[in-house]
Amino acid sequence: MDIKSYLTLGLLASSYPTLLLNPQNKLNLHIENYLIKPLEFKLRNPLTQDVSPFLGKFGMALNHNFCMYPSYMMMLREGFDSYFEENQLHESQQQLNWSYQQNNRSLIESQKIPQKVHYVWITKDRGARNPFSDFEQRDMLLKSLEVLNQSQWEINLWTNNLEIVPDAWEYAQSIGLNVLQLSNLSIYQKYAKLFEQIRSQNVVMASDLARFLILYEQGGLYLDFDQVIYEFDMRLLGFDFIGYTTETFSFGYLITETSFVGSIPQHPIISEYLNQVKSYFSDNFQSLLSPHESSPCFRDCFYKNMQATGPWRLSVAFDRVYKKGALGNTLFMPQAIVMNGSCPQSDDSFECLKLKSVGRERLGLTTKHFATEVWKDWSADREALRLFAIDQLS
């Protein structure tokens, strides 16, 4: 059995336990690289009560040379405390009125955010997937387009390679989307090397970077494919920046979401985010990462983007700009609005956001993030589980 990587159970610090499978098929629990307790673990035998259930997932994955990182380990309370205290987010959250930030002028003096919607689909060089091959995915997009087209939005779909999955781009054009090449952005040349470095590791993180490069240069409203717009008040474009926060999987910490972001070009939050990502992937910063963060298994974990380029990273950027007093006329919709709204169709997945008033203004916004994880390629997971099932039945 060829084991090329070790798996870690901790989060954000090397002092948390590390899981290592040695050639004798023994699992050893380490803390700070010191052997604490050897644990006999036979991969092909049923687990005993002495072994945590998620170790079984490791076992069957490793038995087929497949690295399955337990995504929920990203959601440990210890990890959130460590991350947010390290970035001092816990301090400003006690001071900030997250409901909305605005100056004394009218919210709707003039349109500031360009009337553009941006979608992003970043592909691998091989095995690229068509985002429209899933019926549910197409249906969600078409629902949003039905609303957006009533107000004549410019709707763009950005990708890194027009020669890959051409059927997808043809379909996008047939429903009214402008299909654009990411490299056409002026700012892209400055970030091209970093973008390709990130894309080679994780296309989800590359998609995160791409959306903020687009917003920095062009402004507009970025939407995930599974972020459905049911209602959008055009007066919201009078802000400099619009977004929303949740406490999902965050133990009381307010997280700035990345599935729905509106911005004027070159907004300080977007600029700070790009600086944050550039710093995170620098050689100096990477050399400081714990073994957990630099492990191949964590690198491939689809929750790494939460920390490196996703909502956690945007939360840090927001905090930095807030402390500088440079937010401008910014609307951040709070947890109470996000979770208490009702949407046209029922679904338990993630946020339901319904906004009806900000201050004295009556504003209409209804949107929902269905969090279908369309970017996640589950084929490898299914194949590993299929092989495991065959192995158990034989």
Problem - the stretch 111-128: number of residues that are buried (at least 17 other Cβ atoms within 10 Å of the Cβ), among the basic types (Lys, Arg) and within 13 Å of residue 161 (Cβ to Cβ) - result: 0
Exercise for the section: Taking residue 332 as the residue in question, decide whether it is at pLDDT 60 or above, assigned to a strand (DSSP E or B) and under 14 Å from residue 256 (Cα atoms). Expected result: yes
Exercise for the section: Select from the stretch 150-179 the residues that are closer than 25 Å to residue 230 by Cβ and part of a loop (DSSP other than H, G, I, E, B) and write down the one among them that is modelled with the lowest pLDDT. Expected result: 152
Handout entry: Selected residue (only one of 155, 164, 175 is aliphatic (A, V, I, L, M) and surrounded by fewer than 16 Cβ atoms within 10 Å (Cβ to Cβ))
Key = 175
Handout entry: Segments classed as strands (runs of 3 or more DSSP E), wholly inside the stretch 180-273, with at least 2 members that are assigned by TED's automatic domain parsing to the domain that holds residue 165, touching an Asp or Glu at 6+ places or on another chain (Cβ under 7 Å) and buried (at least 21 other Cβ atoms within 10 Å of the Cβ)
Key = 241-246
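The values are calculated or read from the model by the stated rules, or taken from the named source; none is laboratory data. Just so you know, these numbers come straight off a predicted model, no measurement behind them. Cβ sites come from the backbone with ideal geometry, for glycine too, and all protein chains shown count toward neighbours.
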